[in-house]
Amino acid sequence: MSYAIRAEGLVKRYGDMVALDGVDLEVPAGKVIGVLGPNGAGKTTTVRILATLLRPDAGHASVGGYDVVKEQVRVRGLIGLTGQYASVDEDLSGTENLVLLGRLLDMSRRDARARATELLEQFELTDAAHRPISTFSGGMRRRLDLAASLVGRPQVLYLDEPTTGLDPHARQEVWGVVRRLVADGATVLLTTQYLEEADQLADGITVFDHGRVVAEGRPDELKRRIGGQTLQVRPTVPADLDEVGRILAELTGSAPVREVNTGLLTVPVDDPMLISALVRRLDGAGISADELGLRLPSLDEVFLALTGRSADEGENKNVQNTVAERTVA
């Protein structure tokens, strides 16, 4: 397998605080790897090292086969970076922002303008191309941010919490853009606290906690790792709850959990064929159900099991990121 990113034993300290404590990471070419972790887990610090913005105190990493410390110029020629906050100039138009970036990348004025036109069309921003960014919606700004990171046609794209603060519709727009980029052959390293986002986009997931990698694998692998499937039933008639609970207990050997407000009964199962037996029992008892099915644990449940914290439960908003920003500046 060809890897676009490889890191081994990355360590980064800020005084007595250890931001990274021996991180290993591999990202296959042409795939999306989601990096999850609470605030302060080391996600953004890792991205900054891989983007040559920070030097690790120990360990090594390569992007496209080039060392991020010894071959920084070559690495920068391969990558694009979209950070957590909009990096475009609000006083300039979309076209002016992209042309400026093209010129900074040593493109001719003609080539920079052609690339800007191409990207604005790709990201469905042509109609707003000449408007100041200050008039753009949140979703439009993030799409322009992504477009800006692609001016140099990077092979590897770092998306550091790209949909932070966006409404669900704008988030869906960004997801569509990411899918198109990967379809065109890009490799994406995605850090996010939206677990649905990782579930939607990532081919593989790496979970960080306290500067270490605590788990990695495909989303379905991680879900199966913390537990099997759950059988869920919601009777149409609330008066049937007790009888359905009794049937579930007989079939599974476990007492189901009842959600008082919703009338949903859930019970862990090892044999997915039990659902067929349940349907027959309910039919024989003349009981109908509004909801009936099997599900794996959600990524939220995986995250909580692995870290002991929910995805949006953080420490004081990522202290090491603030230190890193001052260091880079």
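The values are calculated or read from the model by the stated rules, or taken from the named source; none is laboratory data. Quantities reported herein were computed from a predicted structural model and do not represent experimental measurements. Note: ideal-geometry Cβ built from the backbone for every residue, glycine included; neighbour counts use all protein chains shown. Accessible surface is based on the protein model in full, side chains and every heavy atom, while ligands, DNA and RNA are left aside. Shrake-Rupley method; radii C 1.70, N 1.55, O 1.52, S 1.80 Å.
Computed values, structure above
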{"read-out": "Restricting the stretch 62-136 to chymotrypsin sites (Phe, Trp or Tyr not before Pro) in coil, as DSSP defines it, with at most 16 other Cβ within 10 Å", "value": "Y85"}
{"read-out": "Gaussian network model of the chain, springs between alpha carbon atoms under 10 Å - residue of V260, V151, V177 with greatest fluctuation", "value": "V260"}
{"read-out": "Whole-Å distance, taken between Cα centres, linking the stretch 94-128 and the stretch 194-248", "value": "43 Å"}
{"read-out": "Net charge, P219 excluded, C-beta distance under 14 Å - Lys, Arg +1, Asp, Glu -1", "value": "-3"}
{"read-out": "Antiparallel DSSP beta bridges within the chain, percent to nearest 5", "value": "70 percent"}
{"read-out": "Between 0 and 90°, nearest 10: helix 274-284 axis offset from the chain longest Cα axis", "value": "40 degrees"}
{"read-out": "Label-point separation, Q172 to V237 (7 Å along Cα→Cβ), nm", "value": "3.8 nm"}
{"read-out": "Gaussian network model of the chain, springs between alpha carbon atoms under 10 Å - residue of G22, G59, G263 with greatest fluctuation", "value": "G263"}
{"read-out": "Highest-MSF residue in the chain out of A215, A51, A249 [GNM, Cα springs under 10 Å]", "value": "A249"}
{"read-out": "Among H169, A128, G139 - extreme Cα towards positive end, dipole of the chain, charges at beta-carbon", "value": "A128"}
{"read-out": "Proximal charge balance of G152 [Cβ under 11 Å; K/R count +1, D/E count -1]", "value": "+2"}
{"read-out": "Principal-axis tilt of helix 241-252 within the chain, Cα atoms, nearest 10 degrees", "value": "80 degrees"}
{"read-out": "Within the accessible area of the chain (1.4 Å probe), percent carbon and sulfur", "value": "48 percent"}
{"read-out": "Angle in degrees between helix 138-149 and the longest Cα principal axis of the chain, rounded to the nearest 10", "value": "50 degrees"}
{"read-out": "Probe 1.4 Å, accessible area per residue of the chain, Å²", "value": "49 Å²"}
